[in-house]
Structure formats: structure tokens, C-alpha cells
Amino acid sequence: MVALQDIEAFVLAGGKSRRMGEDKGLALLNGSPMITSVIKSLQSIPLEVKLISANPDYNQFYLPLYKDSIQNKGPMGGLITALEQTSAPYVLLMGCDMPFITKKAISHLIDNSKENKITVAGTNGYINPLLAIYPKSILPELKEHIENDRLKMQDFISSQDHHIVKMDEIEKTEPTTLTNINSREELDYWNKQ
């Protein structure tokens, strides 16, 4: 298991959200920016939280804010930025669009993590690269993938030493915890719940 003090959390905030039509993390869910609950869940662990976005509006959260070190590379660009900016040996990378994520779900991932491997959440046979712990040691391979425009995170994880933490039991007790909100329609739906 990776020790808690060896992990820093980075949230990929905003970015080009074509389906949402606005910056996803700042979209209002029940009156608060969607990213707010992600930050609170991470801080409840407690983990140090940093944000990755070029949008200065994220300064309202009073957390360290970094722009992608390599532009227009999607989540892979966010991952390399996090690994370059962290002072810890591991980074917990999360998307800003999982507003129902719980302390229990994040703790389950950390408690079942493996040292020197990518630890990634898995449900129903799928992996979630934006609920995953990445060791800093993957930086050389990550740079190579980005330089060659191989930007699919699932492919990158599959090519590395990795460990999948099944989240199915967590989902049984917390069915919405891994829900992503990616579109205006989904946001409207959850705002009406």
C-alpha cells in the first residue's frame, strides 16, 4: 500500500468541455461549482489538493493552480503536469466531473494501492484513469507516449505495470459515487434530483 504522506492529489479542472458548453468544474450543481465536492472529499482523507487548469477562475478555491506543461494533450497532459509539479512520489489524479465521489471510495483506492505501480479504479470491466494513483517513476514512459501523440490513457495504463482496484462493492453501497457528469443534460438531471 502507498502511504498517505507519499500522495498528493491533483484535480483536472475545466478544459475543453464541448458537451457541457462551459468549464465543467465550475458548472453549478446544487448551487456550487461541481469541483467543490471533489476537493472536499479529497481534503477529508486528508490529502493535499492541487488543481490543473489554465482558467484563472479556479483561484477562487485558494489551492495551487497549474497550467498544462504541454498544451492540448488532454488528460495525459494533465497527468504529466501533475507528476512534474508534485513533491511527492505518487499523484492521485481525479477528474472534476465526479461530484458524488466519497471519502470511502477514495480511501478504498488508496488502501488497496500497490507501490511502484499505477493503481486504477475499475468497475464492470472498465478502468477509470481519472480515479487513479500514478508513481512519479512513470514519467519517462509518459513523455514518450505524449511525444508520439499516443494520448489514450487506458492504452498508457495497459502498457505499464498496473493494479486494478475493483470498486463494485463500493458502488453497491454508494451507487452514485463514480458517476461522471459530462453534459448539460446530465447536469440538468442531477440538479433536479
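Quick check on LYS73: is it under 21 Å from HIS162 (Cβ atoms), modelled with pLDDT under 95 and not aliphatic (A, V, I, L, M)? Before you say what the answer is, go through the steps one by one.
Working: under 21 Å from HIS162 (Cβ atoms): yes; modelled with pLDDT under 95: yes; not aliphatic (A, V, I, L, M): yes.
For LYS73, the condition - under 21 Å from HIS162 (Cβ atoms), modelled with pLDDT under 95 and not aliphatic (A, V, I, L, M) - is met.
Considering only segment 159-183, state which residues are open to solvent by less than 80 Å² (accessible area, probe 1.4 Å), out of contact with any His (no Cβ under 9 Å at 6 or more places or on another chain) and in a helix (DSSP H, G or I).
Passing the criteria: ASP168, GLU171.
So which residues in segment 23-80 are open to solvent by 70 Å² or more (accessible area, probe 1.4 Å), part of a loop (DSSP other than H, G, I, E, B) and farther than 25 Å from LYS143 by Cβ, if there are any at all?
ASN30, PRO46, TYR62
Confirm whether LYS24 is in contact (Cβ under 8 Å) with a residue 40 or more places away in the chain, among the basic types (Lys, Arg) and over 19 Å from LEU187 (Cβ atoms). Can you show your working first?
Details: in contact (Cβ under 8 Å) with a residue 40 or more places away in the chain: yes; among the basic types (Lys, Arg): yes; over 19 Å from LEU187 (Cβ atoms): no.
Taking the combined requirement at face value, the residue does not satisfy it.
Does LYS136 qualify as being modelled with pLDDT of 95 or more, touching a helix residue (DSSP H, G or I) at 6+ places or on another chain (Cβ under 8 Å), closer than 14 Å to ILE7 by Cβ and surrounded by fewer than 18 Cβ atoms within 10 Å (Cβ to Cβ)? Outline the logic, then answer.
On the way: modelled with pLDDT of 95 or more: yes; touching a helix residue (DSSP H, G or I) at 6+ places or on another chain (Cβ under 8 Å): yes; closer than 14 Å to ILE7 by Cβ: yes; surrounded by fewer than 18 Cβ atoms within 10 Å (Cβ to Cβ): yes.
Yes, satisfied.
If I filter segment 83-101 for residues that are open to solvent by less than 40 Å² (accessible area, probe 1.4 Å), farther than 30 Å from LEU28 by Cβ, in a helix (DSSP H, G or I) and not small (Gly, Ala, Ser), do I get at least one hit?
Among the residues of segment 83-101, at least one is open to solvent by less than 40 Å² (accessible area, probe 1.4 Å), farther than 30 Å from LEU28 by Cβ, in a helix (DSSP H, G or I) and not small (Gly, Ala, Ser), which makes the answer yes.
The values are calculated or read from the model by the stated rules, or taken from the named source; none is laboratory data. Just so it is clear, the model here is predicted, and its values are computed rather than measured. Here Cβ is always computed from backbone atoms with ideal geometry, including for glycine, and neighbour counts include all displayed protein chains. These accessible areas exclude ligands, DNA and RNA; they are computed on the full protein's heavy atoms, side chains included. Shrake-Rupley method; radii C 1.70, N 1.55, O 1.52, S 1.80 Å.
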